[in-house]
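The values are calculated or read from the model by the stated rules, or taken from the named source; none is laboratory data. Everything quoted here is computed from the prediction, not taken from an experiment. Because the Cβ atoms are built from the backbone with ideal geometry, glycine has one as well, and the counts that use them run over all protein chains shown.
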Amino acid sequence: MIRYSGRVTDVVEIQIRAERAPRYAHADDAGADLMAAEAVTLAPGERALVGTGVAIALPEGYAGFVVPRSGLAAKHGITVVNSPGTIDAGYRGEIKVTLLNTDREAEFVVEAGDRIAQLIIMPVSRAVFVPVAELPESVRGTGGFGSTGVRS
């Protein structure tokens, strides 16, 4: 455990092979920045699988989630297509990020070393799915997409 500003935070050691290891920009950040290991140019509407040169060994009971960087999304329309990308504990290959340029007019250039996504490491539970004839009632019930409306 590590103490940040009076708060205790759990720490998990992750074995890694990487030229550029993911880095947390701030002590209390949830996501560590992943950097591109290669250069790529994304034309408007184009997507590309970008290598990070990072391979990790997650302990059993943990998963990694690759998510977009908010600044790239807001300023340039760059997002991660399959967000969150899931890294299972048993995977040992290179982490790659599928970037998408949603800008309709401007291309986006990624240089090797650019921060392109964030990696969040989290403990995960393993579910046991139990078949039943009916599900218990809830306040929400079957209300799904748009069932709560737009305005509060």
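Worth a mention:
- Residue that is nearest to Ala37 (Cα to Cα), among those in segment 58-93 that are of a type in the set (A, V, I, L, M) and part of a loop (DSSP other than H, G, I, E, B): Val81
- Among (1) assigned to a loop (DSSP other than H, G, I, E, B); (2) surrounded by fewer than 17 Cβ atoms within 10 Å (Cβ to Cβ); (3) modelled with pLDDT of 95 or more - the single one Ala55 does not satisfy: (1)
- Residues satisfying the stated conditions in segment 94-118, i.e. in a loop (DSSP other than H, G, I, E, B), within 21 Å of Arg23 (Cβ to Cβ) and more than 15 Å from the chain's Cα centre (by Cα): Glu111, Ala112, Gly113, Asp114
- Residues within segment 18-37 that are acidic (Asp, Glu) and within 15 Å of the chain's Cα centre (by Cα), tallied: 2
- Any pair with Cβ under 8 angstrom, 6 or more apart, that starts in segment 140-152 at a residue that is at negative phi and without any contact (Cβ under 8 Å) to a residue 12 or more places away in the chain and ends at one that is in a loop (DSSP other than H, G, I, E, B) and among the hydroxyl-bearing types (Ser, Thr, Tyr): Arg140/Ser147
- When the residues of segment 38-56 are filtered to those that are within 17 Å of the chain's Cα centre (by Cα) and small (Gly, Ala, Ser), the one that is nearest to Phe108 (Cα to Cα) is Ala48.
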